[in-house]
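Everything on this sheet refers to the single structure shown next.
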Amino acid sequence: MPTPPLTALPIRRLTHRDLAACADLSEDRGWPREEHKWGLLLSAGNGYGIDDPAGGLVAACVVTEYGPHGHPRLGAIGMVLVAERHARQGVGRRLMRHVVSLMDATPLTLHATPSGRPLYEELGFKATGRAEMVRGRLATPEPATDVITRAATAEDLPSILRLDEEVFGADRTHVIARLPAFADQLRVAEDEGRIIGYAAAWPNMDTQVVGPLIARDTGTAKALLCSLAVRTDRPLRTDIDVRHEELLDWVKARGLETVAFNSVMTYGIAELPGDWRRRFAPLTVAAS
C-alpha cells in the first residue's frame, strides 16, 4: 500500500501519551529530549502533531493560551518541529497555518530562531523584540543588593499570581500554579512584607533554566538570580530580553556566556501586553 502524501496526513491533538514521541522528534532535530519541559507544555497547553505512517511523528508544536478560558488574550506557540526526513516539504508551514486558523482572532507570539524566522514572517508574524540566551555558572561572591529573597510557600501563590498577571498582561494561573511541582526552586523577593518579584529554576538536561524572572527592577532581578545560583551545582541558562542591558552586562561579567539570540515575534498585535520593564525572562521560550 503506497504511503500517503504529507498533505493528506491528518493533524491531531497530542496528549501525554505522545510525550516520548515528542522527545524523539526533538532528538531527531538535534535538540535535547527535554521530556520534563514537554510534560509541562502538554499539560498546560494544546499540542498538535502529524503522525508518520512509519512510526513516530512527522511534526509537532504546542500552543499555550493565556487569559480567560475560552477567550484567551494571548497564545504562545512553541516547540515547532519537523522530522529531518520530512524537512523542507511544507509540513511546518501547514502545521503553523492550522494553528493560526484554530486560534482565530487570538493574538499570538513565539520566539523564532534565525532559521525559523522567514517562515513565520511569511505567515504574517512580525519581529517585535529579541531575547538573548545566556548560560554558565554565575559567580556570586557577594549579594547583588540588599533585597530580601526567600523560598516561596503555598501562602505566597495568590500574591505571585497577582503580580504575574499584572506584569505578563494576561492570566496564566494554569501554568504558574504548576511551578512548585515543576521547578527545583521557586523564590520570591520581598520589600516590607510585599512580594516585588519571583523566579523559578527548573531542570533541563544538565542545566537549571531560570524562568520566569519577574522583578520590580534590575537590582531585584540580580538578587533573585543570585539566590537561585547559590542553591544549585548546575550551570544556569536563561533568555533575557535584550532591552535589559544592565542585567545582561552583569550576568556576562559574572560568568554567563551568550549562546544564541531569538526573535520575539507577534501576530495580531503590535507588541506583547504587560510591562516588559519588570519581565526579565520567560518561563521558557516555548511558552513565553
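The values are calculated or read from the model by the stated rules, or taken from the named source; none is laboratory data. Keep in mind the model is a prediction, meaning the values are calculated, not measured. Heads up, the Cβs are rebuilt from the backbone with ideal geometry, glycines too, and the neighbour counts pull from every protein chain shown. Areas reflect the complete protein model, heavy atoms only, side chains present, ligands, DNA and RNA absent. Shrake-Rupley method; radii C 1.70, N 1.55, O 1.52, S 1.80 Å.
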Applying the gyration tensor rule to the Cα atoms of the stretch 169-250 (axes a ≥ b ≥ c; rounded if a/c under 1.5, else prolate if a/b exceeds b/c, else oblate), the class is rounded
Yeah, the stretch 1-105 with a ≥ b ≥ c from its alpha-carbon gyration tensor (a/c under 1.5 is rounded, else prolate when a/b outruns b/c, oblate otherwise) is oblate
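Accessible area per residue for the chain in Å², computed with a 1.4 Å probe and the full protein assembly in place, what is it?
On the way: 13130 Å² over 288 residues.
Averaged over the residues of the chain, the accessible area is 46 Å².
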With +1 on the Cβ of every Lys and Arg and -1 on the Cβ of every Asp and Glu, the dipole magnitude of the chain about its Cα centre, in debye rounded to the nearest 20, is 520 debye
Gap in Å between the Cα centre of the stretch 10-26 and the Cα centre of the stretch 127-183? 28 Å
How far, in nm, would the chain grow between SER115 and MET205 when pulled straight, counting 0.36 nm per residue and subtracting the alpha carbon separation? 30.1 nm
For mean projected area of the Cα convex hull in nm², pick the label among [x] 17.7; [y] 14.7; [z] 15.6 that corresponds to the value derived from the coordinates. [y]
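Go through LYS126, LYS222, LYS252 and list them by solvent-accessible area, largest first, probe radius 1.4 Å.
Largest accessible area first, the residues go LYS126, LYS252, LYS222.
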Once the in-chain neighbours fewer than 8 apart are removed, the lysines whose Cα is under 22 Å from LYS252 read LYS222
Can you give me the % of accessible surface on the chain that is carbon or sulfur? Probe 1.4 Å, all protein chains present, nothing else counted. 50 percent
